[in-house]
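Since the structure comes first, as structure tokens, the remarks are kept for the end.
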Amino acid sequence: MAGAAHCSLQAKRLLLDPKFEGYKLSLEPLACYQLGLDAAVAEVKLRDDQYTLDHMRAFGMYNYLHLDSWYQDNVYYVDQFGRVMNVSVTLDTALQKPREVFRLPTDLTAYDNRLCASIHFSSSTWVTLSDGTGRLFLIKSGKRGNSASEKWEIVFNEELGSPFIIAHSVSFVKSDTHSVAVLLLRVEKDELDTKGSGFHITLEWVTIAEINKEGDHRFEIFKRRVLQGKSVPHYAAIEPSGDGLMIVSYKPFTFMEDEDNKLEEENDDAKATNEKKDPLYYWQQTEDDVTITVHIPQGITKDDIKVRFSPDNICVTLKDQPPLMEGKLYSSVDHESCTWIIKDNSSLEISLIKKNEGPRWPELIIGDTRGEFIMDSSQCSEIAENLMHLTSEVMNPNPEKENPPCNAQELEECDAFLEDSASLCRFDGDTLKVTHVINLGSNQYLFSVVVDPREMPCFCLRHDVDALLWQPHSDQPENMWEHIATFNALGYVQASKTDKKFMACAPDYSYAALCECLRRVFIYRQPTPLSTVLYNRKEGRQVGQVAKQLVATLEANDPILGFQATSERLFVLTTKTLFLIKVNPGN
């Protein structure tokens, strides 16, 4: 990940509620409707050779219910006959019967090593579909959710190797060419891995482009790229423009390149190492000033040197050459007091007077890495002395202190989670290199949700006890990940639900929900103002708003296979039944 920008997620303080008092269990009844399915859902159980945690995460915990984010009153599933079935909600009390919109042309029962069929809605009129045998379908669907205009038509159909599931897809137009980019997830046997699980994960990024030759319109594979890693990604999504890819994973992913590219890259790295040069300049600083030393070639006189000072910038030029140093200074200077001299006819010494005395500069010119900072011994001693109180040679030297050090043994069991640390990486589609990386540390990944189908999916992370929702903006480098909503204490609450299977939230952030493997669904509403007067007995003060927890118990003995949330309702899929839970009243 050399060369990648190391970033951090900036939470918005206005979206945090440090005075949140918890959820109050509400006994108000939830309207729950159910619809019997014509045929059972095409569930594919794990085989004996799919025994790893990665197999369970990728396929055993697969969400068989697909919400059409472009038309949110529509959900889809694939039944045991290979039919893609649509359920459209017009009135909660009058659910329409499942309607067949497409039938897979292959006989799925004939394949022993198939995976579950997967669907992703690339746009309002395009769908990507996998039958679980290794075949990818690109489908033009027309306007979905309307039986009159919805007609699924195959425009691309190709075998792409070993079985996979579709992780994500986008439809975009670039240079007047319509393309669909698809992300395919596989868990493959790794013969070289003798110490680990014996498997690795691949993400294949396939771009299918529309070709127009002499009036013949057809779609062909334009580009195939493969990333490999050692853990199933929590989140993987292609940018709406098709230019990049974002992945949240416990272990890193890297692009697998062919031998020619690999050799070329190794030669470039070796060349870059050989061409490594001495620093262009050296600089020192005190609380009052900054001193810069630049080596100058022989024969350069005072008349050949031009140094321009301004309150925030510096520019150094030798003769008529391009600027030797130029850019914005880390902090402002008193430019009228700045000076420069030539020392020993071999170096240029520049003195900058800081406008704000005291603060140390971490860099001289913002973004310029060609210089080297030199710290004198007195500054090293001062820094060591300032940090002395933070270190000790003894473990927990003063346990009776009023504020003792953190003790991991005091953490509750539900606060621990399997993975030590995950990372969020952004890959560039052209260079195939990581451009941005965020170490998520203890910010546990919880779930993803589509808030705006024209944007990338949002992801929800645990921050302390809360759950924060982040919206990626691939077209905004200065604000690439925006904190858009907070679900108070949800990070802590969900950790106690040991049987949880799926998590989701409403696209309008009005509630979050999770379901267990069987029957129970928990709903957590955002705090709302009270219509009656309520007092906190302990503190004797009036409570202005309250957050409610609701529990729904489904009348089903079959395991939950799918779970989706819209702003008004929850959809829960079991083997033979689709449940609809009314959470919010309609607009």
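The values are calculated or read from the model by the stated rules, or taken from the named source; none is laboratory data. Keep in mind it's a predicted model, so treat the numbers as computed, not measured. All Cβ positions, even for glycine, are placed from backbone atoms using ideal geometry, and neighbour counts span all protein chains on display. Just so you know, the surface numbers come from the protein's heavy atoms only, side chains and all, with ligands and any DNA or RNA stripped out. Shrake-Rupley method; radii C 1.70, N 1.55, O 1.52, S 1.80 Å.
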- Any pair with Cβ under 8 angstrom, 6 or more apart, that starts in the range 485-504 at a residue that is open to solvent by 10 Å² or more (accessible area, probe 1.4 Å) and ends at one that is hydroxyl-bearing (Ser, Thr, Tyr) and assigned to a strand (DSSP E or B): 489/23; 493/23; 493/524
- Task: Go through the residues of the range 64-79 one by one and say whether even a single one is within 26 Å of residue 514 (Cβ to Cβ) and surrounded by fewer than 16 Cβ atoms within 10 Å (Cβ to Cβ).
- Result: yes
- Query: Of the numbered conditions (1) touching a strand residue (DSSP E or B) at 6+ places or on another chain (Cβ under 9 Å); (2) more than 20 Å from residue 580 (Cα to Cα), residue 13 satisfies every one except a single condition; which is it?
  - Reply: (1)
- Task: Select from the range 456-472 the residues that are modelled with pLDDT of 95 or more and either within 11 Å of the chain's Cα centre (by Cα) or not in a strand (DSSP E or B) (or both) and list them in ascending order.
- Result: 456, 457, 458, 459, 460, 461, 469, 470, 471, 472
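Is it the case that some residue within the range 138-148 is assigned by the TED database to the domain that holds residue 42, within 26 Å of the chain's Cα centre (by Cα) and open to solvent by less than 40 Å² (accessible area, probe 1.4 Å)?
Yes; the residues of the range 138-148 include at least one that is assigned by the TED database to the domain that holds residue 42, within 26 Å of the chain's Cα centre (by Cα) and open to solvent by less than 40 Å² (accessible area, probe 1.4 Å).
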- Message: Tell me yes or no: at least one residue of the range 512-524 is modelled with pLDDT under 90 and in a strand (DSSP E or B).
- Response: no
- Message: Out of everything in the range 188-231 that is out of contact with any Gly (no Cβ under 9 Å at 6 or more places or on another chain) and of a type in the set (S, T, N, Q), what residue ends up being farthest from residue 256 (Cα to Cα)?
- Response: 212
- Query: What about residue 223, is it more than 21 Å from residue 59 (Cα to Cα) and surrounded by 12 or more Cβ atoms within 10 Å (Cβ to Cβ)?
  - Reply: yes
- Which condition does residue 51 not pass, out of (1) open to solvent by less than 70 Å² (accessible area, probe 1.4 Å); (2) not in a strand (DSSP E or B), if it passes all the others? (1)
- Please tell me if residue 203 is in the same structural domain as residue 125 (by the TED database) and crowded, with 18+ Cβ neighbours inside 10 Å. yes
- Item | Residue ID - farthest from residue 207 (Cα to Cα), chosen from residues in the range 159-194 that are open to solvent by 70 Å² or more (accessible area, probe 1.4 Å) and either among the acidic types (Asp, Glu) or at pLDDT 95 or above (or both) | 191
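For the range 103-112, check the following and say yes or no: at least one residue is open to solvent by less than 30 Å² (accessible area, probe 1.4 Å), at pLDDT below 95 and in a loop (DSSP other than H, G, I, E, B).
yes
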- Please work out if residue 208 is in a strand (DSSP E or B), under 29 Å from residue 438 (Cα atoms), open to solvent by less than 20 Å² (accessible area, probe 1.4 Å) and in contact (Cβ under 8 Å) with a residue 12 or more places away in the chain. no
- Check every one of the strands (runs of 3 or more DSSP E) wholly within the range 327-374 and list those with 3 or more residues that are aliphatic (A, V, I, L, M). 347-353
- Task: Looking only at the range 560-574, count how many residues are at pLDDT below 95 and either in contact with a Lys or Arg (Cβ under 8 Å, 6 or more places away or on another chain) or not assigned by the TED database to the domain that holds residue 67 (or both).
- Result: 2
